[in-house]
Amino acid sequence: MGLKIGLIGAGFMSGVHRTNLERDDRVRISGIYDVDPLRAGALAVASVDDLLEASDAVYVVSPNTTHVDMAMKALAAGKHVFCEKPMATTLEDAQRLHEAARASKTVFQVGHNRRFAPVYKNVKKLLETSPAHCAHIKMNRGELLNPAWV
């Protein structure tokens, strides 16, 4: 049967992850929760609670400002969590989620793939060798005009 994975959110990134997960014979999509059930399609579930009950793990791919609440709920339910970046939009929420993830007996992963990009690796190296450097790097597809968390 494989690992049952639920998706919280049915937007663009949900589709990317769903496509990749559907190629893996070790997993199956157990459902998709979105505030708009039509976006979730045939795999729509009525609530986050229903999704958690049907899943071993979840991908949190909902809007950025909902990541903490969704991830905290999944961790409290004992589920493994893959949380899209950013894991939180405030430092306080990031610390709270970090503590909950550390206290859980499950796997918590942030999908921060940019950490392997050459530009970020170079900045990390600069900061390690000369802490006086300061950088603000923003790489995206352009849809994020000016969110406060950036």
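The values are calculated or read from the model by the stated rules, or taken from the named source; none is laboratory data. No experiment lies behind these values; they were computed from the predicted model shown. Accessible surface areas use protein heavy atoms only, side chains included; no ligands, DNA or RNA. Shrake-Rupley method; radii C 1.70, N 1.55, O 1.52, S 1.80 Å.
What part of the accessible area of the chain, given as a whole %, is carbon or sulfur when the probe is 1.4 angstrom?
So the carbon and sulfur contribution to the accessible surface is 55 percent.
So how much accessible area does residue 116 have, in Å² to the nearest 10, using a 1.4 Å probe?
Per-residue accessible area (residue 116): approximately 130 Å².
Report the rotationally averaged projected area of segment 77-132 based on its alpha-carbon convex hull, in square nanometres.
Over every viewing direction, the Cα hull of segment 77-132 projects on average to 5.1 nm².
Which of 105, 121, 85 ends up with the largest GNM mean-square fluctuation for the chain, with Cα atoms connected below 10 Å?
Greatest mean-square fluctuation among the candidates belongs to 121.
With springs connecting C-alpha atoms under 10 Å apart, model the chain as a Gaussian network and identify which of 66, 19, 129 has the largest mean-square fluctuation.
Between 66, 19, 129, it is 129 that shows the largest mean-square fluctuation.
Among 70, 13, 87, which one moves the most in a GNM of the chain with springs linking Cα atoms closer than 10 Å?
13
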